[in-house]
Amino acid sequence: MQFALVVGQKHEASPGLAGHCPGCGQPVVAKCGDQRMWHWAHLRKRKCDRWWESETPWHRAWKENFAREWREVINCDQNGERHIADVRTALGLVLEFQHSRLDPQERAAREAFYGNMVWVVDGTRLKRDWPRFYKGTTAFRQTALDVTHRVPCPEERFPYEWLASSVPVFFDFAGDGSADEPEPARQLLWCLLPGRVDRYAVMIAVSRQMFLEGAMRRPQIIDVTERLNAVALELQLELQQQRDKEREEARRHAQWRSYRNQQILQSHKPRRR
Ligand SMILES: [Zn+2]
């Protein structure tokens, strides 16, 4: 954890400091070594929130884009279940930054608990994830909605554990910046929307700045329903145009055949003497 309560105030770890966990109230100590980022650790038990993962510099860098009071916020449901959200904005949007692999069941439980949330996934953890994704970008169908893409066969592009997510999942393929491929596409955040349109997944590419502005100023970064509806409508129109074109081709072909048949008939008519 980045913060603990020291005399009731949210405090970052610094050498020799002791405090209390804002989640469970147990004593925590400041860990300020050279190996890992400075953080707080429980004195006795290892974790009070089973959903909490050890922070990496990637986590910390993302969280530091947000106001201090929005970071590591305790969320409590009506049954008394408590979890610490990485970020919860003043408008109630929860952002969870996920570096390690997440079991789909736990993913679903966390989505149900937080409700209005998005994931930001470290897309550099597995070397294969970026090449697999990037290879498929040629097959993406860009829609008229500017940065929105239709993705055929999403299961071939995205890690399995995120495919059935019920909330937007932003893949950060640049990670902490140590990845060696400098493609500009890698600097974008690629958001997989929940739900499908026909056989397509819908994906939106956004800059980091757009993402942060959306997260800070709006209760949702992306209006998912609006996007999916717009993409569905566009697809419907495309299919209609395709059907009209096929019908027109069939009509022309039939016309041409009837003309040819007439010509053949005429050429076989016996000549009058
Ligand atoms: Zn605790």
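The values are calculated or read from the model by the stated rules, or taken from the named source; none is laboratory data. Because the structure is predicted, anything quoted here is derived from the model rather than measured. Neighbour counts are summed over all protein chains in view; Cβ atoms, including those assigned to glycine, are modelled from backbone coordinates with ideal geometry. What goes into the accessible areas is simple: the full protein's heavy atoms, side chains included, and nothing from ligands, DNA or RNA. Shrake-Rupley method; radii C 1.70, N 1.55, O 1.52, S 1.80 Å.
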Q: For the chain, find the longest principal axis of its Cα atoms and tell me its angle to the long axis of helix 208-217, 0 to 90°, nearest 10.
A: 70
Q: Grab the DSSP H runs of the chain that are 4 residues or longer, score each as -39,500 (n - 2.57), total them, divide by all residues and round the 222 nm result to the nearest 500 deg cm²/dmol.
A: -10000 deg cm²/dmol
Q: Calculate one ³J(HN,Hα) per residue across the range 19-28 by plugging θ = phi - 60° into the Karplus curve 6.51 cos²θ - 1.76 cosθ + 1.60, and present them in order as whole Hz with x for glycine and proline.
A: x, 10, 5, x, x, 10, x, 6, x, 10
**Q.** Summed residue charge, Cβ within 12 Å of Arg252's Cβ, Lys/Arg positive, Asp/Glu negative
**A.** +1
Q: Please report, to two decimal places, log10 I(q)/I(0) for the range 36-121 at q = 0.11, 0.26 Å⁻¹ as given by the Debye formula with identical point scatterers on the Cα atoms and no solvent.
A: -0.30, -1.65
Q. On average over all directions, what projected area in square nanometres does the range 53-265 have, based on the convex hull of its Cα atoms?
A. 15.8
(Q) Can you tell me, using C-alpha contacts under 8 Å and at least 6 residues apart, the relative contact order of the chain as a whole percent? (A) 11
Q) Counting only heavy atoms of protein chains, what accessible area per residue, in Å², does the range 83-130 have with a probe of 1.4 Å? A) 37
Q) Taking H as built 1.01 Å from N, whose amide H comes closer than 5 Å to the amide H of Glu72, not counting residues under 5 places away? A) Val87, Arg88
Q) Tell me, what % of the accessible area of the range 104-246 is carbon and sulfur with a 1.4 angstrom probe? A) 52
Q | Built amide H within the under 5 Å cut-off of Val121, gap 5+ | A | Gln98, Phe170, Phe171, Asp172
Q | DSSP beta bridges in the range 82-239 [antiparallel fraction, %, rounded to 5] | A | 70
Q. Amide H to amide H under 5 Å from Val197: which residues, 5+ apart in sequence or cross-chain, H placed 1.01 Å off N in plane?
A. Val202
Q. Within the range 15-158, what is the number of lysine pairs with alpha carbons under 28 Å apart, leaving out pairs fewer than eight places apart on the same chain?
A. 7
(Q) Helix 224-268 against the longest principal axis of the chain: what's the angle in degrees, Cα atoms only, rounded to the nearest 10? (A) 10
Q. On full extension of the chain, what length is gained from Arg44 through Ala164, given 0.36 nm per residue of separation minus the C-alpha to C-alpha distance?
A. 39.5 nm
**Q.** Prolate/oblate/rounded call for the range 1-48, Cα gyration tensor, a/c under 1.5 rounded
**A.** oblate
**Q.** Most to least packed among 1-14, 257-270 [average Cβ atoms within 10 Å]
**A.** 1-14, 257-270
Q | the chain: antiparallel DSSP beta bridges as a percent of all, rounded to 5 | A | 80
Q.
Output wanted: per-residue J couplings in Hz (rounded whole) for the range 46-53, from phi through Karplus 6.51 cos²θ - 1.76 cosθ + 1.60, θ = phi - 60°, x for Gly and Pro.
A. 6, 9, 9, 10, 5, 8, 7, 10
Q.
Output the 0 to 90 degree angle, nearest 10, between the alpha-carbon long axis of helix 104-114 and the longest principal axis computed from the alpha carbons of the chain.
A. 70
Q: Can you tell me the equivalent ellipsoid semi-axes for the range 143-252? Use √(5λ) from the Cα gyration tensor, largest first, whole Å.
A: 31, 16, 14
